[in-house]
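Working notes, structure below.
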Amino acid sequence: NPHGGLVQGRNGNFYGAASAGGSNSYGTTFRMTSTGALTPLYSFQDSVDGADPLAGLVQGSDGNFYGTALQGGSNAFGSVFKMTANGVVTSLYGFAGGDDGGYPYAGVIQGRDGKLYGTTVEFGVNNYGTVFSLTTNGILTVLASFDYTNGGFPQGGIIQGADGKLYGATFEGGSNGFGTVFCVTTNGALTTLFSFGSTNGGNPAAALVQGTDGNLYGTTSSGGAGGQGTAFRITINGMLTTLLWFDGLNGADPEAAMVQASDGNFY
């Protein structure tokens, strides 16, 4: 059950995680060559280092890979881990399901300051999820706790924009209950940029991507004129334009991020 995508390491191989299986049945990490030769690297051990890694990995500036496990860890509410290219895993932080958040559904990114940034889908001060920073030595800082009015249950993770701020979407909450697009500074100032209202899309489940034009692009998994999700563009000031309505015939319920190709189009 590999749920997240692959990342190509600087050695040319691809790395990823599977959310189940392995010698302990709690999921694995793996390496794959470009010709398809797969090597299992690590089997998670639940309370030791996490279980059920849903997201992809990211390679840090130090050459190690970083990721999240949805469950398990030292406090049973998920973890952030570090892995060498040879598969040696170290747990960096185990969420406690309190103010620090719990159940990191998405992966982490490495900011330009070297810290890791991510989200938890639940808990925090208001029980609607958090945005956090984490040093590569395992020191966690909660940057923002959602309270539903400003969003809730972020599933898709975050990106760092060209302006250094963090951008993402929440699956629910906002002024209409259908999710939000938000911005958080690395100092923890949270701003709701847009609240979805079903007709313009609802329940964004994926990360955003910043286009070469500076705007943010994303998808919603429901709502829109066709009733089955949308693709949208939003400025960093919160002006949203719906680009595509899914209606079943042209696809339905998109839950993954888009990518901008060299031709300028998004896929």
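The values are calculated or read from the model by the stated rules, or taken from the named source; none is laboratory data. Model, not experiment: these values are computed from the prediction. All Cβ positions, even for glycine, are placed from backbone atoms using ideal geometry, and neighbour counts span all protein chains on display. For the accessible areas, the whole protein counts, side chains as well, though only heavy atoms, and no ligand, DNA or RNA atoms are used. Shrake-Rupley method; radii C 1.70, N 1.55, O 1.52, S 1.80 Å.
Accessible area per residue, 1.4 Å probe, Å², for region 1-156: what's the number?
Working: 6300 Å² over 156 residues.
Here the per-residue accessible area is 40 Å².
Per residue, what volume in Å³ does the convex hull of the Cα atoms of region 21-127 enclose?
On the way: hull volume 10.2 nm³, N = 107.
Spread over its residues, the Cα hull of region 21-127 gives 95 Å³ apiece.
I'd like the projected area of region 66-120, averaged over all directions, using the convex hull of its alpha carbons. Report it in nm² with one decimal.
On the way: hull surface 15.3 nm².
In nm², the orientation-averaged hull projection of region 66-120 is 3.8.
Points 7 angstrom from Cα along the Cβ direction at VAL88 and THR191: gap in nanometres?
Result for the modelled spin labels: 4.4 nm.
On full extension of the chain, what length is gained from LEU249 through ALA225, given 0.36 nm per residue of separation minus the C-alpha to C-alpha distance? Before the final figure, lay out the partial values.
On the way: separation 24, 0.36 × 24 = 8.64 nm, distance 1.32 nm.
Gain in length upon complete extension: 7.3 nm.
Counting only protein heavy atoms and using a 1.4 Å probe, what share of the accessible area of the chain belongs to carbon plus sulfur, as a whole percent? Intermediate results must be reported in sequence, preceding the final value.
Values: 5420 of 11060 Å².
C and S atoms contribute 49 percent here.
Please work out how much length the chain gains when fully extended from THR241 to THR212, using 0.36 nm per residue of separation minus the C-alpha to C-alpha distance, in nm with one decimal. Each step should come with its number before you reach the end.
Details: separation 29, 0.36 × 29 = 10.44 nm, distance 1.66 nm.
Extra length from THR241 to THR212 when fully extended: 8.8 nm.
When the convex hull of the Cα atoms of the chain is projected onto a plane and the area is averaged over all directions, what value comes out in nm²?
Values: hull surface 54.4 nm².
Orientation-averaged projected area of the Cα hull: 13.6 nm².
For region 158-229, what does the accessible surface come to per residue with a 1.4 Å probe? Please give it in Å². Please list the in-between numbers first.
Details: 2340 Å² over 72 residues.
Roughly 32 Å² per residue, with all protein chains present.
Which ³J(HN,Hα) values in Hz, rounded to whole numbers, follow from the phi angles of region 24-35 under the Karplus curve 6.51 cos²θ - 1.76 cosθ + 1.60, where θ = phi - 60° and Gly and Pro get x?
Per-residue couplings from phi come out as 10, 6, 10, x, 9, 10, 8, 10, 9, 6, 5, 9 Hz.
When the Karplus curve 6.51 cos²θ - 1.76 cosθ + 1.60 is applied with θ = phi - 60°, which whole-Hz ³J(HN,Hα) does each residue of region 108-120 get, with x for Gly and Pro?
10, 10, 9, x, 5, 8, x, 7, 8, 10, x, 9, 10
Report the label-to-label distance for ARG10 and ALA162 in nanometres (one decimal), using points 7 Å from each Cα along the Cα→Cβ vector.
Modelled inter-label distance: 2.6 nm.
Restricting things to Cα coordinates, could you compute the convex hull volume per residue of region 7-65 in Å³?
Numbers: hull volume 4.6 nm³, N = 59.
Each residue corresponds to 78 Å³ of Cα convex hull volume.
Hey, with R₀ at 22 Å, roughly what FRET efficiency would SER34 and SER262 work out to, going by the Cβ-Cβ distance, to 0.05? All intermediate terms of the calculation are to be shown ahead of the outcome.
Values: r = 19 Å, r/R0 = 0.87.
For R0 = 22 Å, the calculated efficiency reads 0.70.
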